[in-house]
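Undergrad: Quick one: structure below, then a few questions.
Read-outs throughout are calculated quantities, based only on the coordinates presented, and are distinct from any laboratory measurement. Treat the numbers as computed from the prediction; the structure is a model and nothing was measured.
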Amino acid sequence: MALWNGLGQVATVAQLTGVDAGGLITMILEAVRTVSRNREECRHLARRVMMIGDLVQKLQGWDMMQEPEIRRPLDGLHDTFREAYVLIVSSQNCSIAYRFFMGWKQAEQFCEVQKKIDSYIQLYPFICHIDITRRLDKLCSGANPSCSQIQGAGTILGTSASLSNHEARLQGTS
């Protein structure tokens with residue numbers, strides 16, 4: 001039984017490799033409707049995925065999303081959405097006995113997926129800060145001499161972020 005369940009999950013992951021975030025969110029919402037065990041965890045996860053997915057859709061057209069450093073966390077979040085879908089589908093395809101004995105394990109897996117989502121979401125304020133600094137540098141790189149102080153601040157900020165020890169960072173602010 002466990003072998004068939006594992007093969008089903010592998011097949012599901014293979015089917016999801018080409019799905020975009022919007023399609024994946026729709027699939028998650030449809031799968032949640034038929035879940036019988038861990039229903040509340042599934043619903044909570046689906047609500048979070050839907051909210052985050054809506055926000056990510058808004059970011060898709062922005063210039064910053066073309067940069068690989070910013071794209072990697074977004075791809076990681078997308079992979080976590082796939083993992084959430086597989087987990088939700090596994091919650092609906094199990095026998096009653098399996099769900100009774102292994103429901104706690106699935107509940108732990110829901111917590112792990114939530115933690116992964118949180119870890120990617122925590123990166124976005126940092127990403128936005130980098131994007132704003134980059135945009136300010138672009139604005140100030142023109143022929144406007146009044147921006148030289150702002151541009152210098154962005155350069156100091158960028159330099160201090162790349163230094164490895166605490167003392168060097170303190171020297172850049174004094």
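Undergrad: On full extension of the chain, what length is gained from Gln60 through Ile121, given 0.36 nm per residue of separation minus the C-alpha to C-alpha distance?
TA: Working: separation 61, 0.36 × 61 = 21.96 nm, distance 1.55 nm.
Using 0.36 nm per residue and subtracting the Cα-Cα distance, I get 20.4 nm.
Undergrad: Can you run phi through the Karplus equation (6.51, -1.76, 1.60; θ = phi - 60°) for the range 118-134 and list ³J(HN,Hα) in whole Hz, with x for Gly and Pro?
TA: Values, residue by residue: 4, 5, 6, 5, 5, 7, 5, x, 5, 4, 5, 4, 4, 5, 5, 4, 4 Hz.
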